[in-house]
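The structure appears right after this line, and notes come after that.
The values are calculated or read from the model by the stated rules, or taken from the named source; none is laboratory data. The structure presented is a predicted model; accordingly, all values stated were derived computationally and were not measured. Positions of Cβ are generated from backbone atoms using ideal geometry, with glycine treated the same way; all protein chains shown enter the neighbour counts.
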Amino acid sequence: MNAPAQNLATREPSAIIELKHELEKRTESFRMALPSHIKPEDLQRTVLMAAQQNPTILQADRRSLILSCMKAAQDGLLPDGREAALVPFNTREKDGQGKWITVKQVQYMPMVYGLRKKIMQSDEISVMQVGVVYRAEYESGRFLFELGQEPPVRYRPDLTLSDEQTTDECIVAAFSLVKFKDGSWSAEVMRRSEINKIRQLSQTGATGQTVKFGTNAGKAIEPKGPWVDHFSEMAKKTVMRRHSKVLPMSGDIFRDIEGDEQERAVRSAVSALDAIEPDAPMALPSSEELDEEVDAETGEVAQTPESKAEPKSNAKKGETDTRGMTEVDEETARQLDAGESDEVAKAEEQDQSDQDEPAAEEESETDARLRILRERIAAATTPAELKKVDTDWMKASAAYDDDTQKDVNAALTAKGKALREGGQ
């Protein structure tokens, strides 16, 4: 009677041991990718602890997990849930019979604390401030945002505002302000309407949503979670994440100082992923989590509530529909920062077998991206241009098979050699 429980009890330690061996085999790759002040053992220990705290990670595709660990190493952040996180998510791929199925993968997510840490460690920033503005403060002239001025944001908080004047409904904007050590400033300001648009991408905080499937179809969904309980904090995190895209980070400095070893380490680790033992946990179908589309250019969640019933995939037959790991799925990251991960992992139940397969023209987008990338390699005239192509390839390479990865890597190497010999 207790046999199933005993089997589960022995399976999880076994999976942890297998993961530990996989991580130990890549110690040198981690050492090359990590900044010099972080030891590979620290990263490996943090990953194992994350897997123990969230056993779903052990059920996910091992290839995506190792790749996520390498990206965390490259960014110099530990996936401890504070600096960064390893997040299981569902995606769609075709099985051997050409049928679309749902599988689990792991995505690397930098958190707000990790972003702030990388920004402040860049050694280029002396001050960073994030805040929200209330309507009474704006109307009294205490908040002023002027492009082209130094500093672009001038804000004098009104400490005498009443409880009625400091409700969530009275927030009109959020800002992130940074002062560089050379005296220059950078600012990001988001209107309330822009913040609300981000909120509407939340699975739990969006307003005006209804149940799409099941016996409760059409029933209104009451918003809940951090967007309801802590709107001001979510607004601050939203504007900070957007601002971080244009700010220097310590990872850029590490790569400049320690050379290209990090990029080579990640690429070599990706090529070596086929060495994973056949009995390592692979992706398993699940209907407990909701598929999400991510804009490859901005990292924003691109899926709208209306599109949940028709998930798209750009994967070719036998390939996985992957998303860029470095481009952050901002909504999921915000929800993790706010401790909402348990709610994000649950979605409306639906029959996956009734979903239509993606149209043929959607499946060709992967080929189109590969063609454009090859054209960019051929057109590169400077090492800087080639490095930008190399960076973009690093983000997208997991979506292609090993032969394609080797072919593109060889093209990048040959082009780099030609540019060096040409004295560019």
Checklist entry - On the given criteria, is Thr160 out of contact with any Leu (no Cβ under 7 Å at 6 or more places or on another chain), of a type in the set (Val, Ile, Thr) and without any contact (Cβ under 8 Å) to a residue 12 or more places away in the chain? => result yes
Item to check | Selection status of Ser122, under 21 Å from Leu77 (Cβ atoms), among the hydroxyl-bearing types (Ser, Thr, Tyr) and in a loop (DSSP other than H, G, I, E, B) | outcome: yes
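If I filter region 106-117 for residues that are over 30 Å from Lys179 (Cα atoms) and of a type outside the set (A, V, I, L, M), do I get at least one hit? Walk me through how you get there before you give the answer.
Keep residues of region 106-117 that are over 30 Å from Lys179 (Cα atoms), which gives 106-107.
Now drop any that are not of a type outside the set (A, V, I, L, M), which leaves 107.
Yes, region 106-117 has at least one match.
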Item to check | Search result, residues across region 163-195 that are surrounded by fewer than 18 Cβ atoms within 10 Å (Cβ to Cβ), of a type in the set (Val, Ile, Thr) and part of a helix (DSSP H, G or I) | outcome: Thr166
Item to check | Residues being loosely packed, with under 15 Cβ neighbours inside 10 Å, part of a loop (DSSP other than H, G, I, E, B) and at pLDDT 85 or above - total across region 196-217 | outcome: 2
Next on the checklist: Against the condition more than 27 Å from Tyr113 (Cα to Cα), in contact with a Pro (Cβ under 9 Å, 6 or more places away or on another chain) and not aliphatic (A, V, I, L, M), how does Thr215 come out, does it pass?
Outcome noted: no
Checklist outcome for this item: When region 32-44 is checked residue by residue, the ones that are touching a helix residue (DSSP H, G or I) at 6+ places or on another chain (Cβ under 9 Å), at pLDDT 90 or above and part of a helix (DSSP H, G or I) are Pro40, Glu41, Leu43, Gln44
Next on the checklist: As an exercise: evaluate Pro151 against (1) in a loop (DSSP other than H, G, I, E, B); (2) within 17 Å of Ala187 (Cα to Cα); (3) touching a helix residue (DSSP H, G or I) at 6+ places or on another chain (Cβ under 6 Å) and give the number of the one condition it does not meet.
Outcome noted: (3)
Checklist entry - Within region 201-214, is even one residue in contact (Cβ under 8 Å) with a residue 40 or more places away in the chain and touching a Gly at 6+ places or on another chain (Cβ under 6 Å)? => result yes
Checklist entry - Of all residues in region 392-424, which are in contact (Cβ under 8 Å) with a residue 40 or more places away in the chain and under 30 Å from Glu93 (Cα atoms)? => result Met394, Lys395, Ala396, Ser397, Ala398, Ala399, Tyr400, Asp401, Asp402, Gln405, Lys406, Asn409
Checklist entry - Pick from Pro88, Pro79: which is within 15 Å of the chain's Cα centre (by Cα) and part of a loop (DSSP other than H, G, I, E, B)? => result Pro79
Item to check | Subset of region 135-162 [hydroxyl-bearing (Ser, Thr, Tyr) and surrounded by 15 or more Cβ atoms within 10 Å (Cβ to Cβ)] | outcome: Tyr138, Tyr155
Next on the checklist: Restricting to region 127-143, count the residues that are in a strand (DSSP E or B) and either within 15 Å of Ile171 (Cα to Cα) or touching a Gly at 6+ places or on another chain (Cβ under 9 Å) (or both).
Outcome noted: 6
Checklist entry - Quick one: in region 58-74, which of the residues that are touching a Pro at 6+ places or on another chain (Cβ under 7 Å) and crowded, with 24+ Cβ neighbours inside 10 Å is nearest to Met249 (Cα to Cα)? => result Ala72
